[in-house]
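The values are calculated or read from the model by the stated rules, or taken from the named source; none is laboratory data. Quantities reported herein were computed from a predicted structural model and do not represent experimental measurements. Using ideal geometry, Cβ is built from the backbone for each residue, glycine included, and neighbour counts are taken over all protein chains shown. We work out accessible area using only protein heavy atoms, side chains counted, and drop any ligands, DNA or RNA first. Shrake-Rupley method; radii C 1.70, N 1.55, O 1.52, S 1.80 Å.
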Amino acid sequence: MASRKKTAQPSIHVLHVELVGIQPAIWRELHVRSGMPLSRLHEVLQAAFGWTHSHMHMFEDTSGLQYGHKAAGNADDIGFGGPPLRDERKYTVADIAPRPRNTFSYIYDFGDDWVHRIRVKKVQPPERSGRYPSCTAGDRAAPPDDCGGVPGYVRLLEILRNPRHEEHEEMLEWIGGSFDPEAFDLKATDKAVRSVR
């Protein structure tokens with residue numbers, strides 16, 4: 001009697017994602033399918049942090065391998081540190097971080113250099129009524145795109161807190177009228193994350 005090959009059961013990666021270099025922490029908890037390509041995880045992270053897809057990005061695993069967008073037919077795409085990028089469409093979350101406590105990084109905007117530290121909290125079976133991807137927790141608003149990385153963000157907050165600062169009105173207008181760094185709307189964030197297909 002021929003032995004049957006066991007097919008892998010679908011699983012969910014529970015990811016804790018935190019922006020590096022900012023305190024109090026800005027973070028999100030995301031539930032994604034373990035087989036999700038990194039190219040799709042990029043879209044989930046953009047939605048979870050309210051980024052605007054305006055800049056280049058890449059993933060980096062703990063061994064230093066880098067994964068990113070490869071233009072069709074272009075073998076010369078290079079990573080942030082110089083080595084060739086692996087095609088993020090061909091690797092999944094489980095490929096680069098298969099087990100709990102595994103970590104990897106997502107870097108968005110090589111000028112502002114927003115580094116997201118991603119840690120696998122759990123790998124679990126999907127819930128019967130679960131919809132994935134989803135955002136289940138988080139704290140604080142993400143910095144706006146193009147504000148100058150961590151130093152620029154710190155400066156922006158100082159200016160916004162001081163109505164007498166000479167750049168206060170200009171920055172208020174640039175930010176769209178108001179900005180609350182402590183605000184986090186879980187329902188809206190989850191809705192944005194769930195819209196990624």
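Residue by residue, here is whether (1) more than 27 Å from His57 (Cβ to Cβ); (2) open to solvent by less than 60 Å² (accessible area, probe 1.4 Å) holds:
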| position | (1), (2) |
| --- | --- |
| Arg99 | no, no |
| Ser105 | no, yes |
| Asp112 | no, yes |
| Pro133 | no, yes |
| His168 | yes, yes |
| Glu173 | yes, no |
| Pro181 | no, yes |
| Lys187 | no, no |
| Asp190 | no, yes |
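What are the residues in segment 177-197 that are under 14 Å from Gly50 (Cβ atoms), part of a helix (DSSP H, G or I) and in contact (Cβ under 8 Å) with a residue 24 or more places away in the chain, if any?
Passing the criteria: Leu186, Thr189, Asp190, Ala192, Val193.
Take the residues in segment 41-62 that are among the charged types (D, E, K, R) and not in a helix (DSSP H, G or I), then tell me which one is nearest to the chain's Cα centre (by Cα).
Glu60
Quick check on segment 19-78: of everything there that is open to solvent by 10 Å² or more (accessible area, probe 1.4 Å), over 21 Å from Pro151 (Cα atoms) and among the β-branched types (Val, Ile, Thr), which residue is modelled with the lowest pLDDT?
Ile78
List every residue pair whose Cβ atoms sit under 6 Å apart, with the two residues 6 or more apart in sequence or on different chains, where the first one lies in segment 25-40 and is assigned to a helix (DSSP H, G or I) and the second, anywhere, is open to solvent by 30 Å² or more (accessible area, probe 1.4 Å).
Leu38/Tyr91; Ser39/Arg89
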